[in-house]
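Worksheet: the structure to be examined is printed underneath.
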Amino acid sequence: MPQRGRKNTVFQWLAGLVKNPYLTAVREGLTLALPLIIAGTLAILINTFPLPAYQEYMTGLFGPEWKLFGDYIHNGTFGVISVIMALNIGHSLAEDHNVKHPLNRVTPSIVATVTFSSLMCTMEPLAGGAFAMRWLSVHGLLLSIVISLLACSIFRFLLRFPVLRVAFYSGSTGASMSQAISAMIPAILTVLLFAGCKAAAKAYGLENPNESIYRMLSLPFQAMGSNHIETAVVYEFVRNALWFLGIHGSNVLEPVMQELYIPGMQANAAAYLAGLPPTVIFTKPFFDCYTSIGGAGSTLGLLIAILLRHRDNGAKNISRISILPSIFNINEILLFGLPVVLNPVFIVPFILVPVLASVISYFACLWGLVPLAIHDVAWNIPVFIDGYLATDSPRGSLLQLFNLVVAIAVYLPFVILDNRLKAQQFNENFKKLADAAVDGGPTDIGPRLLSIPGLIGGMAHNLAADLKMALKRNELYMEFQPQVDSDTGRVYGVESLMRWQHPHIGRIPPSVFIGLAEDTGHIVALGLWGIEESVRLMRVWRDAGLRDVSVAVNVSARQLEDASFPDKVMGILNKHRVPVDCLKLEVTESIALTSHMAENRVLARLHALNIRLAIDDFGMGHSSLTYLKKFPVATLKLDAILTRDVLASRSSCEIILSIAELCRSLNIDLLAEYVEDEAHLLKLRSLGCSNIQGYFYSPPLSAGEAFTFISGTHKAYGASPPPRGGAECGL
Ligand code: C2E
Ligand code: CA
Ligand code: CA
């Protein structure tokens, strides 16, 4: 038990760490850069595809400079990835801080990018004439991340002081100018602060801290000597820890490779040519073949573990896209897309797997189970082939297979942990989205759910995209909740309620997907489909002898803006030969009873066509009753708050009494929904409301269940013709 408690504490700690806004901003930043990373990866693959025939063919076709094409793409993507990261981190932090104004969301990106560029672009050219742009590429990634996070935090802090915000208004220049001027002083101060630090560093002789740190990292290896397992373990540890931080570990430790492991390779090759046995275990191909299967971190094992056990679609898709490049040991898509970089969940296996692989492979070579490498092989030759080519023996490939299985086994528990964390985060975000959907209610001021910033808004966008396909994929269906005359116990109508069974998430609450459909405008098509499904069912029921039941279908505000809506509804009724009084359209009070709705031509046309309306959630609105005077409605449905409060609140009772009075005088039906128990039912009846919908009688049912339920009440209370062919109803 205590162990489980500790496990849960670690899980919660990790969950908190994963949600940390700064780490989230880094992950989001990397994800936003993914299209560029994929393009850059393709360029690497095009240029380095390890087949001599391919290389010769390309040279023959395009000339000796054919690789320039790939280089251009690489320079434009990986070559400036650190600048892109600065932009993205600024953007993600603005999203996280819930910055509403679109212009304010851009400013942190600009501040982060300018700060980073001002520090990096002015670096002196490196020894050997290397271009200073180098720090804008993956080499500057960690610095870009750190500088951007710091710069954005300082900028945000400074923005809090009103004295630093310049008020500027000019009708002629528009909002951009005022926003830019208002953020000007905090932005300039942030850049100045960093530039000052750089100038101070230079004054103390620290011209290029990156370069110094990188140089220092490779120093200890020289003292350690090449043919020791300890050196190899430290090499793998440092190389992969750097990769984890977003630094190109293999490049940083290139001097170590050059001084220790390439000579080892050359010694083995020379011995082989001289007919002598090779003696050096740790060589360049040793690391390329055995400890970097699929790239740094031996991520082919991670990729397979994800495809085996991860349930998150995003992670699986990233892995699928990574399969081809990973075969050639190019794993940037996985490192930056999943991401692995700076992801606390994967730090342990990402470093442990290569270290373990170097130890296993060392003993395999030491005990003579696998011959030592005698040929140099290019780093991007696919796994198993390179093992064979380097050793001239299938045992080289077998050792790779063993190491790959170990990698999968080590990565698996972390993939399962990641899966749990992602599921937890998904549920938390989904709950926030559902709360937002219930909170707001329909508005006509533009999208509600789609404009939520950050991860929740992102989730809303993904769901909206899925919803567009839902009809075609048969994921939508209707349920029907009986409406009962409590005086007789007979069902006289049903409310049809739309349902969405998402293939991965399961059932999505209608408040969420209807809200999304309203945001995208898709509700117009979905709503018509719902009406057609409901009317079609009326036809089926009438054919089966169930004639005196009507169906009420919910209608959203957006549908009432479509001038052709009433005639389309009439067309559906005619198509299925269902009388107009079998259908009711439910419109919420907040939509229907506003003064401008009295002028709504769509509503006028619905009235002209005798299509009946029910006013939903009636009683708590602040609207005028102009509409009720102008167009009589068939039914008022009491707001659920009134129904729920009826036992506890005197004022609810009084409101219901007066609504009941209004209905009697205007000859309107009154219906109470959300009636869950007998006490509420009796109270509502005593207040003059005897039409009841709610769990007390029945929850929403499938078409077949609803048919059985209704037929039962009709049989029990008579007055309805006996149903015919009930078994096939509602199918
Ligand atoms: P609504 O029109 O007020 O629908 C009544 C809601 O109350 C339904 O929730 C129903 O399942 C629930 N309900 C009924 N009786 C009880 C009860 O006794 N206890 C409790 N706790 N709940 C009860 P549902 O199905 O989740 O629908 C939510 C809202 O989604 C609906 O509220 C409606 O505004 C919207 N909606 C559903 N289907 C459609 C549709 O086809 N078109 C449009 N435009 N909106 C729809
Ligand atoms: Ca309704
Ligand atoms: Ca309602």
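Hey, any hits in segment 215-234 for a residue that's within 23 Å of GLU332 (Cβ to Cβ) and among the charged types (D, E, K, R)?
Among the residues of segment 215-234, not one is within 23 Å of GLU332 (Cβ to Cβ) and among the charged types (D, E, K, R), which makes the answer no.
Annotation: of all residues in segment 635-649 being outside any loop (DSSP other than H, G, I, E, B) and polar (S, T, N, Q), the one that is farthest from ligand 2 (Cβ to nearest atom) is THR643.
Taking ARG536 as the residue in question, decide whether it is among the basic types (Lys, Arg), within 20 Å of LEU701 (Cα to Cα), more than 18 Å from the chain's Cα centre (by Cα) and part of a strand (DSSP E or B). No, not satisfied. Of all residues assigned to segment 461-473, none qualifies as being touching a residue at least 12 places away in the same chain (Cβ under 8 Å), within 16 Å of ligand 3 (Cβ to nearest atom) and closer than 30 Å to LEU603 by Cβ. If you go through segment 660-673 one residue at a time, do you hit one that is within 14 Å of ligand 3 (Cβ to nearest atom) and either basic (Lys, Arg) or surrounded by fewer than 17 Cβ atoms within 10 Å (Cβ to Cβ) (or both)? Checked against the condition, which is being within 14 Å of ligand 3 (Cβ to nearest atom) and either basic (Lys, Arg) or surrounded by fewer than 17 Cβ atoms within 10 Å (Cβ to Cβ) (or both), segment 660-673 yields no hits at all.
Out of curiosity, is LEU463 at pLDDT 95 or above, under 20 Å from the mean Cα position of the chain (by Cα), closer than 22 Å to GLU28 by Cβ and buried (at least 16 other Cβ atoms within 10 Å of the Cβ)?
yes
ILE659 fulfils the conditions (1) within 16 Å of ligand 2 (Cβ to nearest atom); (2) among the β-branched types (Val, Ile, Thr); (3) assigned to a helix (DSSP H, G or I) except for a single criterion, (1).
Restricting LEU642, LEU670, LEU682, LEU636 to those that are among the hydrophobic types (A, V, I, L, M, F, W, C), farther than 28 Å from ARG536 by Cα and more than 39 Å from the chain's Cα centre (by Cα) reduces the list to LEU682.
Which ones in segment 250-285 are among the β-branched types (Val, Ile, Thr) and part of a helix (DSSP H, G or I)? VAL252, VAL256, ILE262, listed by residue number.
Of all residue pairs spaced 6 or more apart or on separate chains, those with beta-carbon atoms under 6 Å, a first member in segment 376-391 that is crowded, with 20+ Cβ neighbours inside 10 Å and a second member that is acidic (Asp, Glu) are VAL377/ASP386. Of the numbered criteria (1) modelled with pLDDT of 90 or more; (2) within 16 Å of ligand 2 (Cβ to nearest atom); (3) not acidic (Asp, Glu), the one CYS653 fails is (2).
Checking the structure you have, find out if any residue of segment 408-425 is surrounded by fewer than 16 Cβ atoms within 10 Å (Cβ to Cβ) and either over 27 Å from the mean Cα position of the chain (by Cα) or within 30 Å of ALA592 (Cβ to Cβ) (or both). Yes - at least one qualifying residue is present in segment 408-425. Among residues of segment 670-698 that are hydroxyl-bearing (Ser, Thr, Tyr), those with a Cβ under 7 angstrom from a residue that is at pLDDT 95 or above and within 14 Å of ligand 2 (Cβ to nearest atom), sequence gap 6+ or separate chain, pair up as TYR674/GLY694; TYR697/PRO482; SER698/GLN481; SER698/PRO482.
Under the condition of being at pLDDT 90 or above, crowded, with 19+ Cβ neighbours inside 10 Å and over 11 Å from THR115 (Cβ atoms), the residues counted in segment 160-198 number 1. Applying the criterion of being part of a helix (DSSP H, G or I) and touching a strand residue (DSSP E or B) at 6+ places or on another chain (Cβ under 9 Å) to the residues of segment 667-692, the residue that is farthest from TYR492 (Cα to Cα) is HIS680.
The values are calculated or read from the model by the stated rules, or taken from the named source; none is laboratory data. Everything quoted here is computed from the prediction, not taken from an experiment. Cβ atoms come from the backbone with ideal geometry, glycine included; neighbour counts cover every protein chain shown.
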